[in-house]
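Take a look at the structure below.
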Amino acid sequence: MSQSTYEKLTEALKKNELLNSCASLLGWDEHTYMPLAGTEHRANQMALLAGMSHEQLTSPQIGELLSEVEGTDLCKDAATPSAVNIREARRKYDRATKLPRKLVEEMSRVTSLAQQAWIAARKEKNFSQFCPWLEQVIALKREEAEAVGYGDGVPYDALLDKYEPGAKTADIDAVFSPLRDELSRLVAAIAESNIKPDSSIITRNYPKEAQIKFSTLAASSIGFDFESGRLDETAHPFCSGIGPGDCRLTTRYDEHHFPGAFFGTLHEAGHGIYDQGLNKEAFGTAMGQSVSLGIHESQSRLWENFVGRSRPFWNHFYKPAQTAFPEALKNVSLDEFYGAINTVQPSFIRVEADEVTYNLHVMLRFELEQKMIAGELEAADIPTAWNELFTSSFGITPPNDSLGCIQDIHWSMGLLGYFPTYALGNMYAAQLFEQAKQDVGDLDAMFSRGEFEPLKVWLNKQVHLRGMQYWSSQLIEVITGEPLSHLPLVKHLKTKFSELYQL
Ligand code: ZN
């Protein structure tokens, strides 16, 4: 009995994921090739699909199938695929059934239009154009938090749980606080160092065509499979795993800023390698899905920073870089280049921030978002709140909104509760990288020879192929034997930057 019921359940889940992947493809298109005039029609398409998906997922049939398989032998051992798939299906079903269809459709419609308003506002450096849309988004997210519920926690927990299953605002605070202190001390020590890398090296002329070729080469060298993926241009880079055999990366090019597109591409390729490493047979079920955004981000940051910004990586890639960009790099030594791409300096844009200040950008957003959802901060007051907090964290004040509170696309997409996963990702990346060094062998020597496959294979096995077998907090313990901690990240940053800045 229960075997065929279980099959019916997984069939229904797969169908739902198939529908969601159609929406992902439309979303990718919206940000890459769709003509601007198609905005409203696309919003309607997306709202229709969101509504259909929600209806499918919350159908009484799924509820019945779930009740039938729960409590059977299929769930006896919590770590088996069937138990994992049932557990996560229940979680998804419960969350979805708490959200009224009207709210889901309205969220889809509003965020689709809000994204276009955000693009225009960002271009004009003017928050006020985006403000009425953000106001609606915040109101809808508050409604969502109330509908989902948060036990004896805070409303923000309900939003966080969507991206980081099981995580609580208080737990994140507990690791962010000591991390913030350590980072502030490190930033201050670096500011006082006499070593000043020549960062003008990376703002020289880097022709776009050469950038595309070089970053594509690097992404494919670390293991992103271009036979099952592609790379396009967009205003705000992202990676969209459409489904088995189809993973889309996007990036943006600035001919006078080398790191933006290069490390952006490595970052998105890291996400892509995770998506491409998932178990294809398990598509549509939890065993074929990524654990959480925090773990997803650990994969992108690991390839971007722990690999891509390391000296061994450039031992291998610096010569090809000089060949690709002769005008900019002909007379630049590897040491000078390495210093330039690792310059630590407070700056306005999160996605272009260095490894040390990056997490401070995340913490600022985490703080503001909690206030928005708690009803302590309204849309109209965000620019002022942002600038005040930014000035106290970084010692500099954004000269306009595009360098301030409207630099990120997330809020326009309704992605509140998402930002903290970036800093979680950095901490998980440090923990995983430490473990990989023990398990895989001399990674530095391998990178210097251009060998990235052994690390990729280790990540495939330890992280990607496990799907959602464990939630992030458990997964990190299973792999490293230690719970989530800020210490490996702090150790990595101190070691790397003490050497670079002779602290
Ligand atoms: Zn990312």
Of the residues in the range 70-107, those that are under 27 Å from the mean Cα position of the chain (by Cα) and among the hydroxyl-bearing types (Ser, Thr, Tyr) number 2
Per the filter on the range 221-245, residues touching a residue at least 40 places away in the same chain (Cβ under 8 Å) and closer than 25 Å to Pro454 by Cα are Ser221, Ile222, Gly223, Phe224, Asp225, Ser228, Gly229, Cys239, Ser240, Gly241, Gly243
Screening Asp152, Asp181, Asp171, Asp157 for residues that are touching a helix residue (DSSP H, G or I) at 6+ places or on another chain (Cβ under 6 Å) and of a type in the set (D, E, K, R) leaves only Asp157
Turns out the helices (runs of 4 or more DSSP H) fully within the range 382-471 with at least 2 residues that are in contact with a Cys (Cβ under 8 Å, 6 or more places away or on another chain) are 382-394
Of the residues in the range 481-503, those that are crowded, with 21+ Cβ neighbours inside 10 Å and among the polar types (S, T, N, Q) come to none
Scanning the range 418-445 for residues that are in contact with a Phe, Trp or Tyr (Cβ under 7 Å, 6 or more places away or on another chain) and among the aliphatic types (A, V, I, L, M), the one farthest from Val291 (Cα to Cα) turns out to be Val440
Listed by first then second residue, the pairs whose first member lies in the range 310-328 and is free of Cβ contacts under 8 Å to residues at least 12 places away in the same chain, whose partner is surrounded by 18 or more Cβ atoms within 10 Å (Cβ to Cβ), with beta carbons under 6 Å and at least 6 positions apart or on separate chains, are Gln322/Leu329
Over the range 157-203, the set of residues touching a Leu at 6+ places or on another chain (Cβ under 8 Å), among the hydroxyl-bearing types (Ser, Thr, Tyr) and in a helix (DSSP H, G or I) is Tyr163, Thr169, Ser184
If you go through Arg301, Arg311, the only one that is basic (Lys, Arg) and either surrounded by fewer than 23 Cβ atoms within 10 Å (Cβ to Cβ) or farther than 29 Å from Ala210 by Cβ (or both) is Arg311
Looking across the range 289-298 at residues that are buried (at least 23 other Cβ atoms within 10 Å of the Cβ) and not aliphatic (A, V, I, L, M), the single one that is nearest to the ligand (Cβ to nearest atom) is Glu297
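Could you list all residues from the range 233-247 that are modelled with pLDDT of 95 or more and within 11 Å of the ligand (Cβ to nearest atom)?
Selection gives Cys239 alone.
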Listed by first then second residue, the pairs whose first member lies in the range 445-467 and is not assigned by the TED database to the domain that holds Phe224, whose partner is modelled with pLDDT of 95 or more and outside any loop (DSSP other than H, G, I, E, B), with beta carbons under 9 Å and at least 6 positions apart or on separate chains, are none
Of the residues in the range 1-40, those that are without any contact (Cβ under 8 Å) to a residue 24 or more places away in the chain and buried (at least 19 other Cβ atoms within 10 Å of the Cβ) come to none
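The values are calculated or read from the model by the stated rules, or taken from the named source; none is laboratory data. Model, not experiment: these values are computed from the prediction. Backbone-built Cβ (ideal geometry, glycine too); neighbour counts: all protein chains shown.
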